[in-house]
Structure formats: C-alpha cells, structure tokens
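> Got a structure for you, questions after.
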Amino acid sequence: MPLDSFITLGRSGLRISPYTLGAMTFGDDHGWGAPVDESEAMITEYLERGGNSIDTANIYTNGHSEKIIGDYLAARPGLRDRVVLGSKFFGNLFAGDPNGGGAGRKAVVAQAEESLRRLRTDYLDIYWLHNWDRGVPVEETLRALDDLVTAGKIRYVGLSDLPAWKAAEAQVVAHFRGWTPAIGMQLEYSLLERTVEGELIPMAAEHGLGVLPWSPLKSGWLSGKFVRGNSTVDTTRAGLVGSPVERDWQVIDALHEVARDAEVTPAAAALSWVGARPGVSSVLIGARRLDQLRMNLAAVDVRLSPQQTARLDEVSTPALNFPADNNRYLAPSLAFAGATVDGRPSEASPFAGGQVRY
C-alpha cells in the first residue's frame, strides 16, 4: 500500500500513512544509532515518498531524537502542519528524580513541555503513554492528558505496551468521564511475536484503537540478515536481545522461502504480512541507514498471495493464553451450531444434536 494511501487511525478523524517512520534510531548518542545527517536523510526520503507519520519518544537517544526532528521541521516552514507528529512519555531522563518519568500528573505535564521544546512545536498530534505506571491511578493520567488536549498542546492520545485489561479500563473510564479517549495502541507484533492476537488485538478493535506494531522485523531477525547456520549475523543490538531459538528459525526459514517465491526481500515479506493483519493501521519502521529504510519501504509494493500468507500464518501460529482458543473455536460452535454468521462458518456442536427438547 503506497505511503500516500492514508488510513484513518482508530475511532478518530486522524489520517496517517500505512507505514510510520519510527525515530528510535535517530542520534548516535548510545553508540549504535544514526548521526544527524543520516537521520535527516531518512526523514526526507520518507516524506518525499508520500509518508506523513513520524513517531518518537522523549527517551530516545536521551532526547536527541526529538531534537533532530524538531530542527528538521523548523528549518522547513510550513512542513510541520503537514506531518502527523507523535511522541511518547514515561521514560525518566533525570536519575534519582521519582517524578522525572512515569504517568503521574506532574510527570505527564513536565514531559510534554520538554518534548514540545525539543521538537520546536507548540503541539503534538499524538501523545503516547509509553508503558504502564502501576502506582498511578488511571484517572489521574487520563485527566492530565485531557487537560493537555483542552490546552491545545496535544491533539490525540495513544497507549503503548499496556496490558489489555488496563487499556480497556482506560478507554471505559475516559468515555464515562467525558475525557479524551485513546485512538491508537502501539505493541510488539511480528511473525515472531503473535501472542498479542490473544487479547490485545481484539481489545483494540472493540475499543476503537488502531494498532501500530513496533519491531515488525523482531530486532532484525526477520530482515534477511539472519540465516540458519550463518554465524556472522550477530550485531550489537542482537547481542542485547539474544538470538533465535529453533522455533524462531523455523519461521525465519519459511519467511526466506516465501520471499524467494514472491521475488521480494525477507524484510519486505515480513512487513507486508504484519501490515495486512486484522486491526493493524500503520506499521512502525525504523533504520540506522538510508539504504535500510529504502529496503523496508519496498514493502509498500508487496502483496503476498493467499498461499504465501497461509504458509507464514501456519508456521508462526502461537500458543495463546486461555480463553483465546476457547473463544475462537468452541464459542461459535456452541452459539451457532453449524450456521455461517458474518461470513464465518461454524461446526455443529455435539450438544446440538437430536430432535428431543425438554
């Protein structure tokens, strides 16, 4: 899907590209990211190809990621309002300060002001809660975010990496109180991480949250660099996240087979697969070099066949927590007794047999 074939995000009026430029790699402060000139080149490439959605966070490269984006937009008058700019709060940049991060009111407001300063803008299109702060009532966080919306400093609210039950609670509380509800959910989702299909993806659909998968290439494992038996694939980041185990290799092997059959790169095949999953609005893609970004953006032109998709679905099918399989397979049988409802066939339940009624 081309970058300028826009998607409406969740239950909102905000339209974004099917691939969002993730800026976690902007800045080489940690020794592995992209320098300023390479980061700016990636922004230019993405925008010139029709993309409009950029995502960062206050904690990315110690705030340098936000500054790079802010300086880039400030140098190009008129561009800021054409971009959907999102940042995340939660990460603490001040060692020893208990209110320097998290989701309490003091921290939420302070982090917003700091992000706006670094980004050189007076508003954020989406402000994402980056994680779950167990010690803060969800009402406090939601009211602080609603106040920021009222003040014009943020336009929309997003959630990232929350348990499904907490995200659902947040949505219910926001609607009940008349506060601004979230419109999107960021979560890890890839061929090697599909357990989100148990509760997070259905919850997002039920509560009007568009899904933005992060790490769709599983820290590079699905990029094509990892080949079974090749010991040269270890990188600094791979050293931080570990190495594939046998089940991962089975998925990686199948991905390479499908990519060869489709005549595309493994990265493009993996990105196309996750982008076509139910509930997914926009896939977060990032890179450390311009050539890597271009390889990832090749996925916009990839359409896997039903057979190729089925092959990847089968080899990567996860074991989900109860009651996912119960709800998915047993419930339709019990409820519909073999009837097809909403296009989904069901099997006749053994409890539905016989003509005698009591």
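> All but one of (1) farther than 20 Å from LYS67 by Cβ; (2) touching an Asp or Glu at 6+ places or on another chain (Cβ under 8 Å); (3) not in a strand (DSSP E or B) hold for LEU145; which doesn't?
(2)
> Which condition number does VAL300 fail, the rest of (1) assigned to a helix (DSSP H, G or I); (2) in contact with an Asp or Glu (Cβ under 9 Å, 6 or more places away or on another chain) being met?
(2)
> Now for a separate question. Within the set of pairs 6+ apart or on separate chains, which have a first residue in the range 251-262 that is part of a helix (DSSP H, G or I), a second that is among the polar types (S, T, N, Q), and C-beta atoms under 8 Å apart?
If the second residue must be among the polar types (S, T, N, Q), the pairs left are VAL251/SER316; ALA254/SER316; VAL258/GLN308; ALA259/THR265; ASP261/GLN308; ALA262/SER305; ALA262/GLN308.
> Step by step: first the residues of the range 6-33, then only those that are farther than 16 Å from ILE54 by Cα and of a type outside the set (D, E, K, R), then the one that is most open to solvent (accessible area, probe 1.4 Å). Which residue is that?
Selected residue: HIS30.
> Would you confirm whether any residue within the range 157-172 is touching a helix residue (DSSP H, G or I) at 6+ places or on another chain (Cβ under 8 Å) and closer than 30 Å to LEU79 by Cα?
yes
> Here's a follow-up. Within the range 100-127, work out how many residues are over 17 Å from ILE69 (Cα atoms) and not in a helix (DSSP H, G or I).
5
> In the range 73-90, what count of residues is obtained for those that are open to solvent by less than 10 Å² (accessible area, probe 1.4 Å) and not hydrophobic (A, V, I, L, M, F, W, C)?
Number of matching residues: 3.
> Something else now. Of everything in the range 153-193, what is out of contact with any Gly (no Cβ under 8 Å at 6 or more places or on another chain), part of a loop (DSSP other than H, G, I, E, B), in contact (Cβ under 8 Å) with a residue 12 or more places away in the chain and open to solvent by 20 Å² or more (accessible area, probe 1.4 Å)? Give them in sequence order.
LYS153, ASP161, PRO163, TRP179, THR180, LEU192, listed by residue number.
> Turning to a different aspect of this structure: Report, by residue number, each residue of the range 194-245 that is over 22 Å from ASP325 (Cβ atoms), small (Gly, Ala, Ser), at pLDDT 95 or above and not in a loop (DSSP other than H, G, I, E, B).
Correct list: GLY210 only.
> Turning to a different aspect of this structure: From GLY104, GLY178, GLY86, which residue is more than 30 Å from GLU314 (Cβ to Cβ), of a type in the set (Gly, Ala, Ser) and within 16 Å of the chain's Cα centre (by Cα)?
Just a single option satisfies the conditions, and that option is GLY86.
The values are calculated or read from the model by the stated rules, or taken from the named source; none is laboratory data. The structure presented is a predicted model; accordingly, all values stated were derived computationally and were not measured. Cβ sites come from the backbone with ideal geometry, for glycine too, and all protein chains shown count toward neighbours. Remember, those area values only see protein heavy atoms, side chains included, never the ligands or the DNA or RNA. Shrake-Rupley method; radii C 1.70, N 1.55, O 1.52, S 1.80 Å.
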